[in-house]
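What follows is a set of notes on a single structure, which appears directly below.
The values are calculated or read from the model by the stated rules, or taken from the named source; none is laboratory data. Quick caveat: nothing in here was measured; it's all calculated off a predicted structure. Positions of Cβ are backbone-derived with ideal geometry, glycine not excepted, and every protein chain shown enters the neighbour counts. Keep in mind that these areas ignore ligands, DNA and RNA; they rest on the heavy atoms of the full protein, side chains included. Shrake-Rupley method; radii C 1.70, N 1.55, O 1.52, S 1.80 Å.
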Amino acid sequence: MAKISRLSLTDVLLKEGFITEEDLKKAEQHQRDNGGLLSYVLVKLGLVTEEQIVVGLAEQLGIPHMKLTHYKLDPEVVELLPERIIRKDKVIPLSQSGNTLTVATADPLNVLMIDDLKALTGCNIQTIVATPSEIEQVVGDYYSTRATMNLDKLIAQSEKETDTAVEVVTDEQSVDLDQLMREAEEAPIIRIANLILSRAIRERASDIHLEPLEKKVAIRYRIDGTLYPIITLPKRVQDAVVSRIKILSEMDIAEHRLPQDGRFRVRAHNRDVDFRVSTIPTRFGEKVVLRLLDKAQLTGLTIDKLGLEQNVLEKYQKAIKQPYGMIVLTGPTSCGKSTSLYAAIRAINSPDKNILTIEDPVEYEAEGINQVQIYEKIGLTFAQALRSFLRQDPDIIMLGEMRDLETADIGIKAALTGHLLFTTLHTNDAAGAIVRLVNMGVEPFLISGALTFVGAQRLMRKVCKNCAHSYHPSKRLLQQLEIEDQVDNNLVLYQAKGCRICNNTGYRGRMAVMEALEIDDDIKELILRKVPELEIKKTAISHGMIPLRKNAGTKVIRGDTTPEELARVAGTT
C-alpha cells in the first residue's frame, strides 16, 4: 500500500491562499541570507499572521488549534511543569486526563521538547497549537496574578509579624544608611518592589504612584490616563521599598529632604521597559512616581494608527512632508504629543535625512535618529543643544519643548532657514499656541514666516468592546454633546461597564483626538496684526478647521468611546 505523504506547511499556506509563490520566494531568500525557521521568517516579513501559521500547522498535522485569550488555566495542571520550562519552551499545560497531558504549544513539530515534557511529567503528551504571542500573554498574566496574590499574602504576613504603630521622623533626625541598605536588599522587599513593577507592566499602566500616608503607603496606577488605587502597603516597609527603587535608579538613598530624579530599565515579557523615576519629600515621607516608557509602544506605530480623524490626518501628513517650516503640537502633560511627533518622524525617516532630537528626557529610543538628552547642570540646555544642532547639517529637528524666548527664537529661525522643526507647547487649543509664542516675545513676522501647522491634542479612552452597554441617547443628551445635527434617530451610543479584560474600568486603550490648524495666508495676516486668539480661531474654523470637541464627538458617534469620556476630555457645555 502506497504511503500517503503529508503536505508541508508552505503547501498548506499556499493552498489556503495565505501566501503567494512570490511571497514564498521572498521568504526563502531571506531565510538563506539570515537563517531561521521559514514560518518565523514569513511572520517577520509580514507576509502571514501568527494566526494563519497556527491554522496551517493544525491542518498540516491534523491536530486542533485554539484561542487561549479567555481560557482559564487550572493551577494544579500548570504546576506539573516548572515555570522555567513553560516560559522557555512557550508551552502551557491545559488539562490532564488519566495519563495524558494536553498542552498548548507554538511548535508542535519540536519532538525533542515533547520528549522532555514526557520525561518530566511521566505523561503522554497531546498537543494543541496556539500563537506564540497568545502563549506569552497567557503565561505572563497567569504568573503576574499569582505574584499579586503572593504580594497580598506577604503584606498580610508582615502586618501580623510587626507592630504597625507609626513614628513620624523629623527632617533633623539622622538616617541610618547601613540599615536602609540592608532592608532594601532583603528578599521580601525586593519581591514587593518587583511585584509592583511587574503588575504595572501587565496592567498597561503609564505611571506608578507610591504615596506615603500617615499610617500606610498607597499604591496607585495610571491606566489609560486615569489613576486607580491598587493596593496599600504597611507603613513599616515604606522606607525600604523607596530605598529599593532609589537603588535601582542610582539615586542617593541617604538624601530624603530634596527631590531626586533617576531612571532604570527592566526586561519583561520579552521587551525592554524604561522607568523614569521622580521623588519628592512630603509630610509622611518621600512620594515616588515612576513613568513607564514601553519601547514596544512605538514598534509598528504609524501615523495612521494614532486614531486621528481623516480630515486631521490628511492635514498632519501634508505638513510633515514639507521641506521646511515649524510644526507645533500643544496640549497638557501626558496627552501623547511626543508619541504623535515620533509617529510623524518615523513616517518621513529615510537614509537620506539627518534627524536630530533634543529631549528632556529622551522617552523613546528610535533607530536612525540622533537623540540628545538635556543636562542643565553642565550647561546643556535646549538653546545650547539647538545652536549645536544647526552646525550638524540637520534636515529635521525635534525640539522637545519651547520653554523660553531664547529657545523659541533659535528654533523659529532654524525653520526659516530650510529645516523642518517639530516642537511642543502647553496651551489649551491650536490658536492659543500662536498667542503663546507672541507673549514669549517672538516677533510676529518670524512666527508668520515659520509656522506651518498647529495641532491641539488630547487622548481619549476607548470603550471596552467586550463589556460596553449600548443604548439610544435622548435628545437632551445629543444637545449637550452638540452632535444633534450630525445624527439620526437610530444612533446607538455606548456606556462603560467593566469586565475582567479591561480590569473593570470599562475602557481599554487610548486614541488621539486633535484640532488641526493650517497656517494659510489669512492666518498669517492675523498673526502679523497680533489679533486676539478668538479671532484666529473663528477664521480658522471658517477655513475648515474642525474644533477638538467636534472631532471628539465624532468618535462618540462612531462608538469608539462614550459621552462621559467626551465630557472628561473636552468639558461640558
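Ranking Arg220, Arg283 from most to least accessible surface, computed with a 1.4 Å probe over the protein chains only, gives Arg283, Arg220. Contact order, relative form, for the chain: 9 percent (alpha carbon pairs under 8 Å, 6 or more residues apart, mean separation divided by residue count).
Annotation for region 406-492: trypsin sites (Lys or Arg not before Pro) lying in DSSP loop with at most 14 further Cβ atoms inside 10 Å of their Cβ are Lys465. Rolling a 1.4 angstrom probe over the chain with all protein chains present gives an accessible area of which 49% lies on carbon and sulfur atoms. Remark: the chain carries 51 Å² of accessible area per residue (probe radius 1.4 Å; ligands, DNA and RNA excluded). Ordering 524-531, 91-98 by mean Cβ neighbour count within 10 Å, with the highest value first, yields 91-98, 524-531. Taken as entire DSSP H runs, the helices of the chain that both span 18 Å or more between Cα atoms along their own long axis and average 0.0 or more on the Kyte-Doolittle scale are 187-202. Computed over neighbours whose Cβ is under 14 Å from that of Ile434, the net charge equals -3, Lys and Arg +1, Asp and Glu -1.
Charged neighbours of Val55, selected by a Cβ distance under 14 Å, balance to -4 (K, R count +1; D, E count -1).
This model, with +1 at the C-beta of Lys and Arg and -1 at the C-beta of Asp and Glu, gives the chain a dipole about its Cα centre of some 960 debye. Going by the alpha-carbon gyration tensor, a ≥ b ≥ c the square roots of its eigenvalues, is region 31-106 rounded (a/c under 1.5) or, if a/c is not under 1.5, prolate (a/b greater than b/c) versus oblate? The shape class here is prolate.
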